[in-house]
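The structure appears below as structure tokens.
The values are calculated or read from the model by the stated rules, or taken from the named source; none is laboratory data. This structure is a prediction, so every number in the text was calculated from the model and none was measured. Here the Cβ is made from the backbone with ideal geometry for all residues, glycine too, and neighbour counts use every protein chain on show.
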Amino acid sequence: MESHSRESRSRLIGRFIENWLQGVVDNQLSYADQVRSVYFAYFPDPRDRKIRFPSTGDAFHDLRETKQIVMRRLRGEIKFECDFEECAVDALPPEPRAALLRKLSARYGLMAVPVPGSVAPGVAADLARFAREFGEAITAYGELLGDSGVIDEHDNPAKLRKALNETDDVLAAASVFREAVLDALRKQDKKRPLNVVRGR
């Protein structure tokens, strides 16, 4: 069987975040500071921290050192710790974070969908968001099908990826509504009185 090299999980994360940092107004210093903040929030007890972020009292010095700690891991110069990976991903803004989670899930043949109930009703379970995601998916597929009317290997790769991402967004929004409906049905079943059949 022919073997194919596969990019490591940590390298995928590092490359994605480095590319994102190059295309935004945000910079490495502010992102590194956000990673540190998330890390401290996740591990409030210093004894649980494997990464030693500097705390000398010199804010600018500490920030520069923090940047080095974060960027060396993203570049693959130092091996990722498991707890660093989680913080590096969660320090991203919502849109790039969702895109990265889609890539990570795809490695296992899965789709990144928010866990139902993990977001407060009225935020994720919002009809306006569902409608917007659906509209964006329709637009993406319209652009994809506009030339030949079919989807195949001759289509533009960027348009294919956009259609796929928009589909994932629709399914993610729909899953929250689906769970809400199922939850309502389960509650109805609990309230429904049992029909007792009496023998004669």
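Brief remarks follow.
- Residues of the stretch 70-105 satisfying the condition of being surrounded by 19 or more Cβ atoms within 10 Å (Cβ to Cβ) and of a type in the set (Val, Ile, Thr): Val70
- Only one of the numbered conditions (1) modelled with pLDDT under 90; (2) more than 16 Å from Val89 (Cα to Cα) is violated by His61, and that is (1).
- Of all residues in the stretch 150-163, those that are without any contact (Cβ under 8 Å) to a residue 24 or more places away in the chain have Cβ atoms under 8 Å from Cβ atoms of residues that are part of a helix (DSSP H, G or I) and of a type in the set (Asp, Glu), 6 or more apart or on another chain, in Lys159/Glu143; Lys162/Glu143.
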